[in-house]
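**Student:** First the structure, then my questions, so here it is.
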Amino acid sequence: MKYIFFILLFVLVSCKKETTLTAVTNTEEVTVIDETWDLFYGKDKLVYGKPTPNYVKWVLVGGSMYMENIETGYKIKFSHFDANRAVSSLRYAGIIFDIEKLELGVTTWQFRYGKYNSKEFVLNGDTLHPYGYVESANYRNIVELSTTTNPNDMKLGGSSRPFNVWTKDYSSGLIQVRIQEAYESMGGYNWKYFTILTFKLVD
């Protein structure tokens, strides 16, 4: 019965994501290291002691989803993209919000200061409709813009997208982001999943 379930799981995920699953060991962990790239300004965070006005942009160059069966501990991993697939979703069941749409080489992230010195997140260069962004020593979070009061204008349905970020390759301007930790029921089991995205600094 156990083998039938995993065969069924493989078929379900392959049909939804159209990609190849790669089994990973239960001991595989994602290591988060101290970041060295600044999300707002790249490496030029300060110019003569003052923040530079030149906000950098990050373009999506890769991503994988990690899934774990909460009851059995079984883990799987698959890539969001391959030679025949350039669009994917942060949400396992499919895209609901714009931020969940992943397009290789097209999706961009940018962080900036908006009105009243509030921090903002800009998706795909849409500076007219930014998201809010909050951070502390322990977390980062993409949220609804604080001035958004009309439910129809909410870009996340009133929710948020917490994430972690770290530098993958400083010399190549690569960062990685862990985001969209969520839960899904499949084949009678409960699964936890999250995505790790790779972004490259745009020159």
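**Student:** Going down the list Lys57/Lys77; Lys101/Lys200; Lys77/Lys101; Lys119/Lys168; Lys57/Lys192, which pairs span over 26 Å between their C-alpha atoms?
**Tutor:** Lys57/Lys77; Lys57/Lys192
**Student:** What's the extension gain from Asp169 to Glu184 if we count 0.36 nm per residue and subtract their Cα-Cα distance?
**Tutor:** 2.2 nm
Every read-out reported here was derived from the displayed coordinates using simple, explicitly stated rules and does not represent laboratory data. Keep in mind the model is a prediction, meaning the values are calculated, not measured.
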